[in-house]
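Worksheet: one structure, shown below.
The values are calculated or read from the model by the stated rules, or taken from the named source; none is laboratory data. No experiment lies behind these values; they were computed from the predicted model shown. Cβ coordinates were reconstructed from backbone atoms using ideal geometry, including for glycine residues, and neighbour counts include every protein chain displayed. SASA here: full protein model, heavy atoms, side chains in, ligands and nucleic acids out. Shrake-Rupley method; radii C 1.70, N 1.55, O 1.52, S 1.80 Å.
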Amino acid sequence: MDSDERAANWARVITLAIVGLYLFWVYGVPVVMDWISANAFTLMLIGGVCLAGIVGFGYWWMQEDARAAERLAREEEERAREEKEYADLQRRRGLEEYQTVEGKTVWVPRDQLEEVARRDREEHQRKMAEREREAEARKLVNRLASHIEEFTPSRHYNSEWEYHLELQGYIRGSFPDAQIEVQTGASRPDIVVDTVAIEVKGPTYSKDLQTIADKLVRYSQHYDTIIVVLFNLQVNERRYGEWERGIKKTFGDVRIICI
């Protein structure tokens, strides 16, 4: 469609709109006004009923808010009264109120107050140290996993030991404390970095996947996190997917890296 035809179509639309508005003004407006005049009382009655309904609903809403506020105030007063009665009873029993470092309120014998406070501080410090250690461990695992994901072996090997040696040398470049086959109880992971155990498989066949679950059960008793590194995976996609989902569901935060 060229520009002249489009302009002509727009002109027709505008003309029809103007004619329609004019006809409505001439014939429609008087009809509407006549209808309003004839039904003025009915319209006023409907408007009055609607206004009364709006006012009534607003009044009910305000009253309901006031009743709710009164209920809350009574409940708060009752709670405060019960707490005071409970506190008075505990004091008559020879107990003293103590607020822990974490904000909990406990009642303890007066002669044990200092000991409870000391144990509370020690427990708080222990928890803080544990959280700090866990945070540092997560950072180590993330760094180590990212480092391993960047590793590419110099070639495909026919034995796991060769993959193991090359990966261990690569890891030691950034993590000098990495150790080989550290014996802990009945567990001996391929590589250990601090509290992280690394299990290496390659080339990886279905039979190799079957042995990993047993090792994860043993390693998890001695190490915070386990990283499984699979080289040259020779397992069909469906079989591997089921295995990986099962391992993560059973062992949680185990990291699996395919290279």
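What the table shows:
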quantity: Under 28 Å from the Cα of Lys207 - lysines, other chains or at least 8 residues apart; calculated: Lys215, Lys248, Lys249
quantity: Taking the stretch 152-256 and dividing mean pair separation by its residue count, relative contact order in percent (alpha carbons under 8 Å, at least six apart); calculated: 23
quantity: For the stretch 91-133 versus the stretch 189-213, the gap between their alpha-carbon centres in whole angstrom; calculated: 45
quantity: Rounded accessible area per residue of the chain, 1.4 Å, Å²; calculated: 71
quantity: Kyte-Doolittle at least 0.5, axis length at least 27 Å by Cα - qualifying DSSP helices, the chain; calculated: 3-23
quantity: Longest exposed-site-free window of the chain, the sites being trypsin sites (Lys or Arg not before Pro) in a DSSP loop that have at most 15 other C-beta atoms within 10 Å; calculated: 156-259
quantity: Over the chain: helical MRE at 222 nm, DSSP H runs n ≥ 4 each giving -39500 (n - 2.57), nearest 500; calculated: -22500 deg cm²/dmol
quantity: Which of Met128, Met44 is most accessible, then next, and so on - probe 1.4 Å; calculated: Met44, Met128
quantity: Answer label for Kirkwood radius over Cα pairs in Å (calculated), chosen among (1) 21.9; (2) 18.4; (3) 28.1; calculated: (3)
quantity: Mean separation of Cα contacts under 8 Å, 6 or more apart, over the residue count of the chain: relative contact order %; calculated: 10
quantity: Qualifying lysines (Cα of each under 29 Å from Cα of Lys104; at least 8 residues distant if same chain); calculated: Lys84, Lys127
quantity: Rounded D (µm²/s) - the stretch 95-244, Kirkwood Rh over Cα pairs, Stokes-Einstein at 20 °C, 1.002 mPa s; calculated: 116
quantity: Val108 accessible area, assembled protein chains, probe 1.4 Å, Å²; calculated: 10
quantity: Quotient of C-alpha Rg and 2.2 N^0.38 Å, computed over the stretch 45-174; calculated: 2.37
quantity: Exposure of His147 as accessible area (Å², to 10), given a probe of 1.4 Å and all protein chains; calculated: 30
quantity: Counting DSSP beta bridges with both ends in the chain, the antiparallel % (nearest 5); calculated: 50
quantity: ³J(HN,Hα) computed for each position of the stretch 106-112 - Karplus, 6.51 cos²θ - 1.76 cosθ + 1.60, integer Hz, glycine/proline x; calculated: 10, 10, 9, x, 4, 6, 10
quantity: Fraction of accessible area attributable to carbon and sulfur, the chain (%, probe 1.4 Å); calculated: 57
